[in-house]
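To start, the structure itself, in structure tokens.
The values are calculated or read from the model by the stated rules, or taken from the named source; none is laboratory data. Bear in mind the structure is a predicted one, so any value in this text is a computation, not a measurement. Every residue, glycine among them, receives a Cβ derived from its backbone with ideal geometry; neighbour counts consider all protein chains shown.
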Amino acid sequence: MSLSSHPHTFRLSPADYNALTTNAAAQPELYWEREGRRLTWTAEPSAAYCKEKGWFADGALNASVNCLDRHLEKRGNQNALIWQAEDTGNVLRLTYKALHERVCRMANVLRSLGVKIGDRVAIHLPSVPEGPIAMLACARIGAIHVVLFGGFSPEAIADRLADSGAVVAVTANVGRRGAKRIPFKTTLDAALALHPDAHSIRHVLVVSVTEDDVSMDAGRDQWLSPLLDAASSDCTPQHMPSCAPLFLLYTSGSTGKPKGIVHGTGGYLVWASYTHDLVFDHQDGDIFWCTADIGWITGHTYGVYGPLLNGGTVLLFEGMPSHPSPGRWWNVIQDHKVTTFYTSPTAIRALMREGDDVVQRYDLSSLRVLGTVGEPISQEAWSWFNNHVGGGRCAFVDTWWQTESGGIMISPVPGAVTEKPASATLPLPGIHPVLLDEQGVPKAGATEGVLCLRGSWPGRAISIWKDATLFERTYLQPYPGFYFTGDGARRDEDGYYWITGRVDDVINVSGHRIGSAEIEDALATEPTIAESAAIGVPHDLKGQGIVVYVVPRAEAPEDLHIRAVKAITSKVGRYAAPEHIHIVPDLPKTRSGKNVRRLLRKIACGETEGFGDLSTLANPEIVVALVELVQSTK
Ligand code: WT7
């Protein structure tokens, strides 16, 4: 599609984009110094970047002041947060003034419980206003928030509480998913009871989303609402060094243990503001809806920080896309006049299945920018979203980035970069992707390779919690001189990027990152399983689905399938449940004993030949056996 077919006026033109890109490349220090002025600092940074010290290193600031206080004069009565509850008639509108007041009260509650600068606070909540409020309250007092996704199992929560050393947890009595109730508090209780000596939680604050009662531990648990009412609405913000951690967020990699990605304050906030502004063509009066849960980085950067830093209005929706009826999302867009709608390819695939007539019943003319993130989007889904939801009038931003990058890295800029359906297009000004060959040498022109990044950028994670060496080993050492993203990509003759997917053992299920090793470690806890391998295969709805090969110890018990699923869902969470479990006598191995995943993937996808040279395997005969086994389950 050509740019001229957009009837909207976007802020940037192709010439502006070119100028920004040229300036950022020619004078990076000057460019980022200027972008640093997006924020309000209590100590101005003297330089943008220092390789040893990090971004805006000698600057100081407070994140909540940047998101709230500094807007009060001009935007005090503008909505900062609109919460659409699960029940249709229930809407809460918080102006900047009101949100500021709630954040201050919450911050005072945390302070009164003894939360200090640098302490970790776990946030385990459904999509309710208390989520963003708790995050900003932590930021106000210099505490580090650790948001835990609602879909995690008690084991997964327990691991993250232990690793982060969180001292307070904020949860809800229940979450609502349509007519269903999700037992947040009970799940957290189970997590705390699992390894009582491994965590440091002293207080649990409980949001009452519904009237449902839950058991409360007298010395430890308190309902949040009365504490907020009693707290002062005046709260002095803590000035923090630019590189002090703002939050930890756990994500999966190729090792079994999830990593606590550490994001700093100044650099991260500059990146959140810069990318939200550029990629979503932020304009006064915009209503920004990011459908991601705050348990993921998308919910942090575009559900909270980016839009608030820029004085925007965030819409937070508690419910599901199709409850009480298909079209609920479109209804939300219509009711709240959403201008900017940021979602996932997985959601689009599910919504497409409901049929075009569902969308047509709603007035979606308020939309100006559509965005997706999390996984590659097919041309079909891209076109459907663009035409049926965007009416062919909107800019479409397919944004590539990751937890570690803090914000968007490769994406069209509305009005400035011509889209190509299903391509993330071009790097944002200041970002330098490279495609490397297997030896780590950059490839020129139209080509395909391992996607790495040259140089740093303000949003880059500063470390892995308690394991700086692992950060170096994971991101900086695989391809010396570059930052390794874990993705592969193709670059076309126009310099456009097409992300091809992970090159490591990370599986992307509905936009959720899950490590093969994470699943295999979970299966290893089941005593009747000797060995296992988890791989990702294409899945119509989820993008990728998980297939597991399990080698039983001696005699396989009859309920081995059930045991395997239980091991995975209890250690990781339901979102990691496999599509298929193949019980097999052995796995194909190299002579040094490594599983050959390439073969396992092909066999799971139903291939029966073309496996290449098998003579290097220690046990080539197993390949035929596995093919027969998999075929017989079809
Ligand atoms: C991985 C990062 C970034 C927030 C959500 C996920 C994949 C992300 C795209 C895209 C193709 C994408 C990559 C990346 N990914 N965006 N537009 N096209 N793939 O964050 O959980 O850290 O996952 O998601 O594989 O590495 P995350």
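So the values come out like this:
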read-out	value
Candidate set: region 506-534, residues that are buried (at least 23 other Cβ atoms within 10 Å of the Cβ) and either among the acidic types (Asp, Glu) or in a helix (DSSP H, G or I) (or both); chosen: the one farthest from the ligand (Cβ to nearest atom)	523
Filter result (among the basic types (Lys, Arg) and farther than 17 Å from residue 202 by Cβ) within region 85-121	93, 97, 102, 105
Qualifying positions in region 454-482 - within 15 Å of the ligand (Cβ to nearest atom), surrounded by fewer than 21 Cβ atoms within 10 Å (Cβ to Cβ) and outside any loop (DSSP other than H, G, I, E, B)	471, 474
Residue 351 within 16 Å of the ligand (Cβ to nearest atom) and not in a loop (DSSP other than H, G, I, E, B)	no
Those residues of region 360-378 which are outside any loop (DSSP other than H, G, I, E, B) and either at pLDDT below 95 or more than 16 Å from the ligand (Cβ to nearest atom) (or both), in sequence order	360
Pair list, Cβ < 8 Å and 6+ apart or interchain, from region 552-575 residues that are on the phi > 0 side of the Ramachandran plot to residues that are not in a helix (DSSP H, G or I)	573/149; 573/151; 573/152; 573/153
Residues of region 228-261 that turn out to be surrounded by fewer than 18 Cβ atoms within 10 Å (Cβ to Cβ) and over 26 Å from the mean Cα position of the chain (by Cα), as a count	7
Residues that are over 18 Å from the mean Cα position of the chain (by Cα), among the aliphatic types (A, V, I, L, M) and assigned to a helix (DSSP H, G or I), drawn from region 271-289	278
Selection count, region 535-564, where residues are surrounded by fewer than 17 Cβ atoms within 10 Å (Cβ to Cβ), of a type in the set (A, V, I, L, M, F, W, C) and closer than 22 Å to residue 511 by Cβ	1
Failed item in (1) more than 26 Å from residue 262 (Cα to Cα); (2) modelled with pLDDT of 95 or more; (3) out of contact with any His (no Cβ under 8 Å at 6 or more places or on another chain), with residue 107 passing the rest	(1)
Residues of region 384-413 classified as within 16 Å of the ligand (Cβ to nearest atom), within 13 Å of residue 371 (Cα to Cα) and surrounded by 20 or more Cβ atoms within 10 Å (Cβ to Cβ), total	13
Any pair with Cβ under 9 angstrom, 6 or more apart, that starts in region 597-623 at a residue that is in contact (Cβ under 8 Å) with a residue 60 or more places away in the chain and ends at one that is of a type in the set (Ser, Thr, Tyr)	597/516; 600/549; 604/549
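Yes/no per residue for (1) more than 23 Å from residue 90 (Cβ to Cβ); (2) of a type in the set (Ser, Thr, Tyr); (3) surrounded by fewer than 17 Cβ atoms within 10 Å (Cβ to Cβ):
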{"residue": "284", "(1), (2), (3)": "yes, no, yes"}
{"residue": "290", "(1), (2), (3)": "no, no, no"}
{"residue": "308", "(1), (2), (3)": "no, no, no"}
{"residue": "315", "(1), (2), (3)": "no, no, no"}
{"residue": "322", "(1), (2), (3)": "no, yes, yes"}
{"residue": "349", "(1), (2), (3)": "yes, no, no"}
{"residue": "356", "(1), (2), (3)": "yes, no, yes"}
